[in-house]
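Undergrad: Pasting a structure below so you can have a look.
The values are calculated or read from the model by the stated rules, or taken from the named source; none is laboratory data. All values derive from a computational prediction rather than experimental measurement. Here the Cβ positions follow ideal geometry from the backbone for every residue, glycine too, while neighbour counts run over all protein chains shown. SASA here: full protein model, heavy atoms, side chains in, ligands and nucleic acids out. Shrake-Rupley method; radii C 1.70, N 1.55, O 1.52, S 1.80 Å.
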Amino acid sequence: MQAMPGRSNGWRVSPAIPTIANCVLAGLWAFSALGGWGDAAFCGEDERHDPGCGAGFDDAVRFSAPVAVIATAVAVTAWAMPGIRHRPDRLDALLTVAAFVWILAEGVLFVGGYLAKP
């Protein structure tokens with residue numbers, strides 16, 4: 001007998017946990033890429049800002065943006081498709097994949113910022 005229908009291992013993890021993780025990672029990416037956190041962290045602020053580094057960080061944002069779009073699409077698809085949403089194993093798997101793709105987007109942003117840093 002299983003603890004929850006559709007779960008092969010008997011564990012029940014609320015889908016709210018990976019959903020919140022995806023939202024937090026999306027927010028971190030947005031503030032870092034679009035909100036100026038990453039640019040300030042890698043290239044300096046105000047009069048100490050390095051324009052060459054800023055251009056390099058903008059390139060990192062451009063490379064990271066498609067990865068962020070994929071992560072968003074996977075997470076939204078997981079919740080929008082009834083065939084996935086009503087199958088806990090599939091929902092967990094897709095939300096977990098989305099979280100790892102968000103981590104990849106953050107990694108691309110970080111490596112790009114590190115390479116742009118003077």
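Undergrad: First select every other residue whose beta carbon is under 15 angstrom from the beta carbon of Ala60; then total the charges, Lys and Arg +1, Asp and Glu -1.
TA: -3
Undergrad: I need the per residue convex hull volume for the range 54-118, using only the alpha carbons, in cubic angstrom as a whole number.
TA: 49 Å³
Undergrad: Let's see if you can work this out: charge +1 on each Lys and Arg Cβ, -1 on each Asp and Glu Cβ, no other charges. What is the dipole magnitude of the range 5-111 about its Cα centre, in debye to the nearest 20?
TA: 940 debye
Undergrad: How much length is gained on full extension from Met81 to Tyr114, taking 0.36 nm per residue of separation minus their Cα-Cα distance?
TA: Extra length available between Met81 and Tyr114 comes to 8.1 nm.
Undergrad: Roughly how tilted is helix 16-33, in degrees to the nearest 10 and between 0 and 90, from the longest Cα axis of the chain?
TA: 10 degrees
Undergrad: Per residue and in cubic angstrom, what volume does the convex hull of the Cα atoms of the range 40-87 have?
TA: Details: hull volume 3.8 nm³, N = 48.
Enclosed volume per residue, from the Cα hull, is 80 Å³.
Undergrad: How big is the C-alpha Rg of the chain next to the rule-of-thumb value 2.2 N^0.38 Å, as a ratio?
TA: Values: Rg = 17.9 Å, N = 118, 2.2 N^0.38 = 13.5 Å.
Dividing the Cα radius of gyration by 2.2 N^0.38 Å gives 1.33.
Undergrad: At 222 nm, what value in deg cm²/dmol follows for the chain if DSSP H runs of at least 4 each add -39500 (n - 2.57) and the sum is divided by all its residues, to the nearest 500?
TA: Calculated at 222 nm, the ellipticity per residue is -25000 deg cm²/dmol.
Undergrad: Give the carbon-plus-sulfur fraction of the accessible surface of the chain in %, rounded to a whole number; probe 1.4 Å, heavy atoms of protein chains only.
TA: Carbon and sulfur together cover 69 percent of it.
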